[in-house]
Amino acid sequence: MRKEIRIVSLMVLTAVGVGGVESAQNAPPVTVARSVQHRLESAAIGDAFIVQIRLPESYVGSENLYPVLYVLDSDKCFGLAADTADWLARSPTA
């Protein structure tokens, strides 16, 4: 029987201004297909976080439940994780 892995969202919290991200901050922005970004301000720690979310193609209008994948270091890994999730969703599983 073929099973599909459907990823609802790849939510990633990345601290803005954390040491070691200067090169990423100087790079031009890249848009990942079917994804959106939200900025969350934290009064508790006085910092901002970028949350990136990507939904599967079949999500809109669906009443299905989907698993969630959380990825850290989105400035470096979000695109790769999103593409990998798409690939897994199209691959037959045991």
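Any read-out appearing in this document is the output of simple, stated calculations on the displayed coordinates, not a laboratory observation. Note that the structure is a prediction, hence the values are computed from the model and not measured. Positions of Cβ are backbone-derived with ideal geometry, glycine not excepted, and every protein chain shown enters the neighbour counts.
What to note about this one:
- Test: residue in segment 41-57 that is charged (D, E, K, R), touching a residue at least 12 places away in the same chain (Cβ under 8 Å) and on the phi > 0 side of the Ramachandran plot: no
- Positions within segment 25-44 being part of a loop (DSSP other than H, G, I, E, B) and of a type outside the set (A, V, I, L, M, F, W, C), in sequence order: PRO28, PRO29, THR31, ARG34
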